[in-house]
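Remarks on the structure that follows.
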Amino acid sequence: MPELIVYGIVLGSIIALGAIGLTLVYGILRFANFAHGDLMTAGAYIALFLVTVLFPWLDIPDTTFGSLSFGWRMVLAFPIVMACVAIAAILFDRILYRPLRMKRSGPVILAMSALGASFIIRMIVLILWGADSLFYRPGVLRPAIELPHEIKIRPDQILILVTVLFLVALLYLFLKRTKMGKAMRATADNMELARVSGIDTEKVIIWTWGIGGALAAAGGVLYGIDVQLHPGMGWHFLLPLFAATILGGIGNMYGALIGALVMGVAQQVSTAYLLPTYKPAVAFMVMIIILLVRPQGIFGGGRA
Amino acid sequence: MRVLEVRNLTSGYGETDILQEVSIQLHEKEIISIIGPNGAGKSTLLKTIFGILKPRQGFVRLQDEEITGLSPDRIVRKGMSYVPQVDNVFPSLTIQENLEMGAFVRTDDYRYRLREVYELFPILKERSTQKVGSLSGGQRQMVAMGRALMLDPKVLLLDEPSASLAPLLVEMIFEKIVDINKTGVAIVVVEQNARETLKISDRGYVLAMGQKVFEDTGKAILENEEVGKLYLGG
Amino acid sequence: MEIGGYIAYFVSWAIWAGIFAVFALGLNIQWGYTGLFNIGIAGFFCIGAYTSALITTPKPTGIYAQYVQQIFGLNLPFILGILGAALVCGFIAYLIGYPTLRLREDYLAIATIGIAETVRLVFNNYHKLANGPRGLMGLPQPLQGLVDPRHYDYIYLVIVLAIMVVIYLSIERAIRSPWGRVLRAIREDEIASAMSGKDIFRFKMQSLIFGSMIMGVGGALYAHYTKAISPDVFTPLYGTFIIWIMLMAGGSGNNKGAILGAFVIWFIWTIGAKVLTDLLPYTLKARAPYIRYLIIGILLEIILIYRPQGLMGEEKRISKMID
């Protein structure tokens, strides 16, 4: 059981990267981005391309760091992938969602557009890489470290936790200390008033998509490192992502983080009683319960 | 000197016109009131002046510069600020951060202005790190006005500043409006509470059914029984 | 191909299009007329298909029971299979509607995704229910013995089209009634409708159930045409997304539009398949379905931005009085 909880925290931290981006976008634009999971997929696969195609071609060395399962290639790929998906997310907004916003389309039409975008991303991945599961480093041994209470954890997973902590801390500082960060929080509170104060809300929206996309990409890559890559991985994350976001209160970044950790642990603990394939159903059940009992999320302040 | 000139303004929502050819003027250092019954178009007037609504007809000039139909974020850079009636603060941001957002378009060192605004509203200084969402109605209204003042505006538009405030606070708010005016800001106040606002106004306009039906000095309107009976509920 | 071959292909094509049209009609009630964003169509598709399958096949006995597990098998005729599918779907819709219909529209959408996924997971993992991932095969077809198996499709086409027309007419009738007018009012302005005293929740529930029952019928029609079903058929891709595109393309809020959309999109889909398999080099042929989906996905985005009302737009006059 303790091991399940520990792995649940690892999984939860990966979910958190997606959920935080999702809640930021949801909070400012009031629209359910059904394509967010697939932004994670995009990140994972772009990293795959870099690590298995481009970097070998550029003769970047492949040696792994100690007991981790990756080396310089992945370290180099990580920020590049985050930047790529950030740009992709911004482009999706400019091309698909913004025209609908300008036309004052309802939330359902916007969500439908996001749904279409999610399929488009998934199809592109399927066309380029096929339907099989892939790995960044096939056939690697994954030695585990033993911790007290018979908890085993892999070095990769420790690094995942560190990375997520680092990214979340960065985001916190950004939102709390920088002008754009505060403008983002202000716009999430009250977009009309933000405009009235002279804030360039279009710029805020672009930054939001960029950050959301970058974080999602990071989550996708980390998942790929920890488990595997498959084209449906984003869709697979969708329910836990939304459950985490709703649990934490829409627009609440810390809520999304906690919500994601809860979802991760809940899903892992459920495998003690149910088949692992039922994990999405567990996420769904948790979400339904929250929606019925406290739709504004545990921390409130979310839009019910 | 005319700091704000509005001539024959016609505007509304969708197909219907709420304002019909309304003209008002605001001079430097003046306080003017826009009063009248519900639905007269008072808020619509402010929103059209500030660019939230686009007028079908007429023009708006700020210090002899035409600003008709410009978007709010352009107008705010030209020296006019607006305080909406509701949803006029950022609740999850602190008082300090709300004021900083007010100064968003400034590129200079505005700490002097922060001090000046805190001098106007001392109680805000004490709680500057508190989230605005947890403040009382009166304090929130002060934050709303403070935010608008951060840009050193020449003209301040206030939409029903005393709405939903307890009577004691109403008095306080109007005192603050006078204080703000003393620092050199010309103010347009839209109000349901005609009596209080006319007391502090140099001049006033009475709107009814989207049209200007009366204009005079603040004192004169207060003493005018007929206007009082017809439009201001006696 | 000689003429006979072309006709046979066309008949098969029309059966598929007709089945999808039934789904589109069901979705139209929920989305087109009531504004319910149901992304869980695949769930009802699945339940409808499996219910009909379980009702119309016998429970496996003897040696057979070692290979196929079913929770029940009634071996009843096709008509009861379809009815059963509709009723079970309607009932499940009722159960689902209770917790979810009071939610905001986008939350409802997420809930429906969850439901569809859960349904699929259950059918896939609870083997005793309907044979798990292997699914059920050998499903009977109505009026099977009547003609030469080579010509059976004609009969099935008639059945499908007849059912489609019956459903179309019932919906048209329902929409023009006072009930239908309330649905439209709810979609336009929920708050105003609530203020005029209508029990919004009940109407939404009725719409959800009605639409789901129709989708159940579609599922049954699907099952008995393909004669074999398994959980991986009912994916969000195939079971849900394509029907949404059909409705959006044809015109949501318009029953003729729903049918037209189904036929048009199915046409593009199948022609696209033919064209792509001819054009693509050998190595890419396996990816052809994905390319098709990509094109359809892009098509949806284009429709949403440039012509959200679809080909036919919403029906303007829906009151018997005005006509």
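The values are calculated or read from the model by the stated rules, or taken from the named source; none is laboratory data. On a predicted model such as this, the values are computed, not experimentally measured, just so you know. For neighbour counting, all protein chains shown are included, and Cβ atoms are generated from backbone atoms with ideal geometry for every residue, glycine included.
If you check C:Ile200, C:Ile171, which single one turns out to be out of contact with any Asp or Glu (no Cβ under 8 Å at 6 or more places or on another chain) and hydrophobic (A, V, I, L, M, F, W, C)?
Numbers: C:Ile200 fails: out of contact with any Asp or Glu (no Cβ under 8 Å at 6 or more places or on another chain).
Unique residue meeting the criteria: C:Ile171.
The criterion of at least 1 residues that are acidic (Asp, Glu) is met by the following strands (runs of 3 or more DSSP E) wholly inside the stretch B:1-113: B:2-13, B:16-27.
Would it be correct to say that C:Ile39 is under 23 Å from C:Leu183 (Cβ atoms), touching a residue at least 40 places away in the same chain (Cβ under 8 Å) and in contact with a Pro (Cβ under 8 Å, 6 or more places away or on another chain)? Criteria met by C:Ile39.
Conditions (1) of a type outside the set (Phe, Trp, Tyr); (2) in a loop (DSSP other than H, G, I, E, B), marked per residue:
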{"site": "A:Ile28", "(1), (2)": "yes, no"}
{"site": "A:Phe34", "(1), (2)": "no, yes"}
{"site": "A:Ala42", "(1), (2)": "yes, no"}
{"site": "A:Phe49", "(1), (2)": "no, no"}
{"site": "A:Ile60", "(1), (2)": "yes, yes"}
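Could you tell me whether the stretch A:122-137 includes any residue that is under 17 Å from A:Phe70 (Cα atoms), touching an Asp or Glu at 6+ places or on another chain (Cβ under 8 Å) and among the charged types (D, E, K, R)? Break it down stepwise before answering.
Here is the first cut: in the stretch A:122-137, the ones under 17 Å from A:Phe70 (Cα atoms) are A:134-137.
Filter once more, keeping what is touching an Asp or Glu at 6+ places or on another chain (Cβ under 8 Å): none.
No, the stretch A:122-137 has no match at all.
Taken together, A:Ile80, A:Ile87, A:Ile109 contain a single residue that is surrounded by fewer than 16 Cβ atoms within 10 Å (Cβ to Cβ), without any contact (Cβ under 8 Å) to a residue 60 or more places away in the chain and in a helix (DSSP H, G or I), which is A:Ile80. Within the stretch B:101-116, being at the interface with chain A (Cβ under 8 Å from one of its Cβ atoms) and without any contact (Cβ under 8 Å) to a residue 24 or more places away in the chain holds for one residue alone: B:Phe104.
Looking for something acidic (Asp, Glu), more than 10 Å from chain A (Cβ to nearest Cβ) and either over 21 Å from C:Lys204 (Cβ atoms) or more than 23 Å from the chain's Cα centre (by Cα) (or both) - is there at least one such residue anywhere in the stretch C:108-117? The answer is no; no qualifying residue exists.
Being surrounded by fewer than 24 Cβ atoms within 10 Å (Cβ to Cβ) and at negative phi holds for only one residue in A:Leu48, A:Leu22, and it is A:Leu48. Out of C:Ile96, C:Ile82, one residue alone is more than 14 Å from every other protein chain (Cβ to nearest Cβ) and either touching a Lys or Arg at 6+ places or on another chain (Cβ under 8 Å) or crowded, with 16+ Cβ neighbours inside 10 Å (or both). It is C:Ile82. When we screen A:Asp59, A:Asp93 for residues that are surrounded by fewer than 13 Cβ atoms within 10 Å (Cβ to Cβ) and of a type in the set (Asp, Glu), the only hit is A:Asp59.
If you take the residues in the stretch B:82-97 that are in contact with a Ser or Thr (Cβ under 9 Å, 6 or more places away or on another chain) and either more than 8 Å from chain A (Cβ to nearest Cβ) or over 29 Å from B:Gln130 (Cβ atoms) (or both), which one is surrounded by the most Cβ atoms within 10 Å (Cβ to Cβ)? The selected residue is B:Ile95. Considering the stretch C:165-263, the qualifying helices (runs of 4 or more DSSP H), each wholly inside and each with 3 or more residues that are under 30 Å from C:Pro133 (Cβ atoms) and touching a helix residue (DSSP H, G or I) at 6+ places or on another chain (Cβ under 7 Å), run over C:200-226, C:242-250.
For the structure I just gave you, tell me whether B:Glu160 is on the phi > 0 side of the Ramachandran plot and of a type outside the set (Gly, Ala, Ser).
Yes, satisfied.
All of (1) surrounded by fewer than 23 Cβ atoms within 10 Å (Cβ to Cβ); (2) more than 11 Å from every other protein chain (Cβ to nearest Cβ); (3) in a helix (DSSP H, G or I); (4) touching a residue at least 24 places away in the same chain (Cβ under 8 Å) hold for A:Lys152 with one exception: (3).
Can you go through A:Gly249, A:Gly297 and tell me which one is at pLDDT below 90, crowded, with 24+ Cβ neighbours inside 10 Å and within 13 Å of chain C (Cβ to nearest Cβ)?
A:Gly297
Only one entry in A:Val204, A:Val125, A:Val168 is under 30 Å from A:Met1 (Cβ atoms) and within 20 Å of the chain's Cα centre (by Cα), namely A:Val168.
With respect to C:Gly48, is the statement that it is within 16 Å of the chain's Cα centre (by Cα), surrounded by 18 or more Cβ atoms within 10 Å (Cβ to Cβ), touching a residue at least 60 places away in the same chain (Cβ under 8 Å) and within 14 Å of chain A (Cβ to nearest Cβ) true? In short, no.
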